[in-house]
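Report on the following structure.
The values are calculated or read from the model by the stated rules, or taken from the named source; none is laboratory data. Since the model is a prediction, treat every value here as computed from it, not as a measurement. A quick note on method: Cβ atoms are made from the backbone with ideal geometry, for glycine too, and the neighbour counts reach across all protein chains shown. To get the accessible areas, we keep the full protein, side chains included, count just its heavy atoms, and leave off ligands, DNA and RNA. Shrake-Rupley method; radii C 1.70, N 1.55, O 1.52, S 1.80 Å.
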Amino acid sequence: LSILMLANIREVLMIVNSGQIENFKSLLGNGSRYGIKIEYKIQKKPRGLSDAFILGEKFIGKNNVALILGDNFFYGQSLTNKLEKSLTHNSGARIFLKQVNKPENYGVAKIHKNAIKKIVEKPKKFVSDYAITGLYFFDSLVSKYAKTLKPSKRGEIEITDLLNIYKKNKKLNF
């Protein structure tokens, strides 16, 4: 939540499974004590990260949106400025990357001449050591695109497939 707050985001939709919702509501409430507004939505079964944009379509409306995974830490020089810039970017998608030692454990982005050339989920062969961190910013088209995705072999609609739509449209930045 602190990263979203640094990006000047004050309206949050927290997507959780039914077994966790009461714990989050008890801990965070409606967010008012933190100066934010938190709404909750239950994801009935794991359908992938892109499902968040389908579940949150009404919440998103015509606004730009951020998605952050709850199990990452972000820090760094000028982070607040980079977050604010990412949210106000009017079209396309923006992702945060980090060089890692074991790229086979992550979705990775292959970079060439300051552009993303390829995105691969947990590559078996080396593609890149730039991991996709779990912090994403999207324009208001994200729900529309998410609804076009087909489930992967894992039965999930993959965030990498969503990112590839933006890449194909030359609207993916990092």
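Restricting K102, K117, K98 to those that are under 23 Å from L4 (Cβ atoms), of a type in the set (K, R) and open to solvent by 80 Å² or more (accessible area, probe 1.4 Å) reduces the list to K98. For region 7-66, a residue qualifies if it is outside any strand (DSSP E or B), of a type in the set (D, E, K, R) and open to solvent by 60 Å² or more (accessible area, probe 1.4 Å), and the qualifying residues are R10, E22, K25, R33, K44, K45, R47, E57, K58, K62.
Does V108 qualify as being over 22 Å from S152 (Cβ atoms), surrounded by 16 or more Cβ atoms within 10 Å (Cβ to Cβ), without any contact (Cβ under 8 Å) to a residue 40 or more places away in the chain and touching an Asp or Glu at 6+ places or on another chain (Cβ under 9 Å)? Spelling it out, it is not the case that V108 is over 22 Å from S152 (Cβ atoms), surrounded by 16 or more Cβ atoms within 10 Å (Cβ to Cβ), without any contact (Cβ under 8 Å) to a residue 40 or more places away in the chain and touching an Asp or Glu at 6+ places or on another chain (Cβ under 9 Å). Taking the criterion of being open to solvent by 60 Å² or more (accessible area, probe 1.4 Å) and either under 13 Å from N64 (Cα atoms) or over 17 Å from the mean Cα position of the chain (by Cα) (or both), the residues of region 79-88 that qualify are N81, E84, K85, T88.
The rows are residues; the columns are (1) of a type in the set (D, E); (2) farther than 18 Å from L69 by Cα; (3) touching a helix residue (DSSP H, G or I) at 6+ places or on another chain (Cβ under 7 Å).
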residue	(1), (2), (3)
G92	no, yes, yes
K113	no, yes, no
K124	no, yes, yes
Y145	no, yes, yes
L149	no, yes, yes
S152	no, yes, no
E156	yes, no, no
L162	no, no, yes
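If you go through region 138-174 and keep only what is at pLDDT 95 or above, loosely packed, with under 13 Cβ neighbours inside 10 Å and either within 10 Å of G48 (Cα to Cα) or among the β-branched types (V, I, T) (or both), you end up with just T148. Selection over region 123-162 of residues that are within 21 Å of Q99 (Cα to Cα) and among the basic types (K, R) gives a count of 2.
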